[in-house]
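*Asks:* Could you have a look at this structure, given as structure tokens, before my questions?
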Amino acid sequence: MGPHPAVAAIRLAVRRVLHDILTDHRRDPEAATTAAARAAAAPGEARERLRCALAPSPLVFVACSGGADSMALASALAFEAPKLGIRAGGITVDHGLQPGSDLRADEVVLRLREIGLSPVESIAVTVGRDGGPEAAARDARYAALDAAAERHGATAVLLGHTRDDQAETVLLGLARGSGIRSLSGMAAVSGAGGRYRRPFLHLDRQTARKACMAQSLSVWDDPHNADPAYTRSRLRHEGLPALEKALGKGVVEALARTAQLSRDDADALDAWASQAENSVRDATGLLECAKLYALPPAVRRRILRRAAIEAGAPAGSLFARHIEEVDRLITGWRGQGAINLPGKVVAQRQGGRLVIRQG
């Protein structure tokens, strides 16, 4: 008798991603050598790090909070990786936002070791305030995961985001009015060199939970996930159920499809903007307003956003309204003055050229 259907589904998803990772690893042997060098250069434990990094198989980590999604992912990784000759480890991040979070992290480490993952590490981080609590926690978490991957010479880090998480991300982007890139949600592969992989974007949250129950895996339900103080929590427990009540079942699946379609469109427009950018600059590198005006708005605004970021505007603080104001210097020119952008960047029109620079 085979495994429970939910267990089979998560294992298949992980197996496919591991095959991709293994193919990439074999295709790019230089990456493995670089990872080995980075691991050997880390202070302390250098000999052991070098031994692991020079092993003939890649190291893949799972980022695990102890919740159902990431525990299901960890169990599938522990099952599938040895069959492909891949080393599998785990990382849990202690955000320090709840009493006893350090003890919880220790419990997760123990569970990951029990299912056969090695190395396993718990990392404590300090969460700042920039961008709100959710964004600050996310930034601290990814910084810790990046550092751990570099330290161990890991090829990839698996993340347990599900189709439900994708639907929530699309709705949050829609509410912010952030444009098609925001509606594209989370990518299946992201990060430097494709470090982060999300095998579960086509699986729902219940499949992961059922897989944990079928395997008798203990899971931890983060109280923050049910705290109405957090936007995503309100969306999960109030917003999406209300949409499904009004529109019927299938909203989550439809939003996930929207994410993929939006990502395909956004990628195509980004590529178009990259190709068009050189053609709208003069010999000195300044943007020519007349040539920009001739481009479709979606392409033109991508060029403007990229120019603002290159001038020093922080990408996370550069919103659609900023780019719209700069765009009016081209499409609605009435002699208006300079536009102030985040990062003390100024955009102004001078002699038919658009100048974007530090003020």
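*Asks:* Per DSSP helix of 4 or more residues, -39500 (n - 2.57); summed, then divided by the residues of the chain. What does that give at 222 nm, rounded to the nearest 500?
*Replies:* It lands at -16500 deg cm²/dmol.
*Asks:* Suppose each label sits 7 Å from its Cα in the direction of the beta carbon; what would the Gln275-Gln358 distance come out to in nanometres?
*Replies:* Each label point lies 7 Å from its Cα, and together they span 3.5 nm.
*Asks:* How high is the FRET efficiency from Glu253 to Arg16, r the C-beta distance, R0 30 Å, rounded to 0.05?
*Replies:* 0.95
*Asks:* At 0.36 nm per residue, minus the direct Cα-Cα distance, what do Ser218 and Asp130 gain on full extension? Give it in nm, one decimal, please.
*Replies:* 28.3 nm
*Asks:* Using amide H atoms built 1.01 Å from N in the peptide plane, name the residues 5+ places from Val345, or on other chains, whose amide H lies under 5 Å from its own.
*Replies:* Long-range HN contacts for Val345: Gly359.
*Asks:* Relative to the present Cα-Cα distance, how much length would full extension add between Asn340 and Ala187 at 0.36 nm per residue of separation?
*Replies:* The Asn340-Ala187 span can extend by a further 51.9 nm.
*Asks:* Relative to the longest principal axis of the chain, what angle (0 to 90°, nearest 10) does the C-alpha long axis of helix 205-214 take?
*Replies:* 10 degrees
*Asks:* What percent does the relative contact order of the chain come to when contacts are Cα pairs within less than 8 Å and at least six residues apart?
*Replies:* For the chain, the relative contact order is 15 percent.
*Asks:* Let me ask something additional. Please list the non-local residues whose amide H lies under 5 Å from the amide H of Gly89, H modeled 1.01 Å from N, same-chain partners needing a gap of 5 or more.
*Replies:* Answer set, sorted by chain and number: Val60, Phe61, Val62, Ser118.
*Asks:* Along the three principal axes, how long is the stretch 61-106 when you take its alpha carbons, biggest first, rounded to the nearest angstrom?
*Replies:* That works out to 39, 17, 12 Å along the principal axes.
*Asks:* Count neighbours as other Cβ atoms within 10 Å of each site's Cβ, and list the trypsin sites (Lys or Arg not before Pro) in the stretch 165-274 that are DSSP loop with at most 14 such neighbours.
*Replies:* Taking the stretch 165-274 and a limit of 14 other Cβ atoms within 10 Å, the loop trypsin sites (Lys or Arg not before Pro) found are Lys249.
*Asks:* Just how many % of Cα pairs in the stretch 281-358 lie over 22 Å apart, if you round to the nearest whole percent?
*Replies:* Across the stretch 281-358, Cα pairs with separations above 22 Å total 13 percent.
*Asks:* Could you please state, rounded to a whole Å, how far the C-alpha centre of the stretch 189-231 is from the C-alpha centre of the stretch 76-107?
*Replies:* 13 Å
*Asks:* Right, something else. Return one number: the angle in degrees, 0 to 90 and rounded to the nearest 10, between the long axis of the Cα atoms of helix 5-27 and the longest principal axis of the Cα atoms of the chain.
*Replies:* 70 degrees
*Asks:* Over the alpha carbons of the chain, what is the largest minus smallest coordinate on each principal axis, giving the biggest first in Å?
*Replies:* Per principal axis, max minus min of the Cα coordinates gives 72, 55, 40 Å.
*Asks:* Explain nothing, just compute: Karplus ³J(HN,Hα) = 6.51 cos²θ - 1.76 cosθ + 1.60, θ = phi - 60°, for every residue of the stretch 294-300 in order, whole Hz, x for Gly and Pro.
*Replies:* Going residue by residue, I get 6, 7, x, x, 5, 6, 4 Hz, with x marking Gly and Pro.
*Asks:* According to a simple spin-label model (label point 7 Å from Cα along Cα-to-Cβ), what is the distance in nm between Ala298 and Asp106?
*Replies:* Placing both labels 7 Å beyond Cα along the Cβ direction yields 5.4 nm.
*Asks:* Please sort 121-129, 64-72, 325-333, 150-158 by packing, taking for each peptide the average over its residues of neighbouring beta carbons within 10 angstrom, highest first.
*Replies:* With the highest mean Cβ count within 10 Å placed first, the list reads 64-72, 150-158, 325-333, 121-129.
Every read-out reported here was derived from the displayed coordinates using simple, explicitly stated rules and does not represent laboratory data. No experiment lies behind these values; they were computed from the predicted model shown. We place every Cβ from the backbone using ideal geometry, glycine too, and count neighbours over all the protein chains shown.
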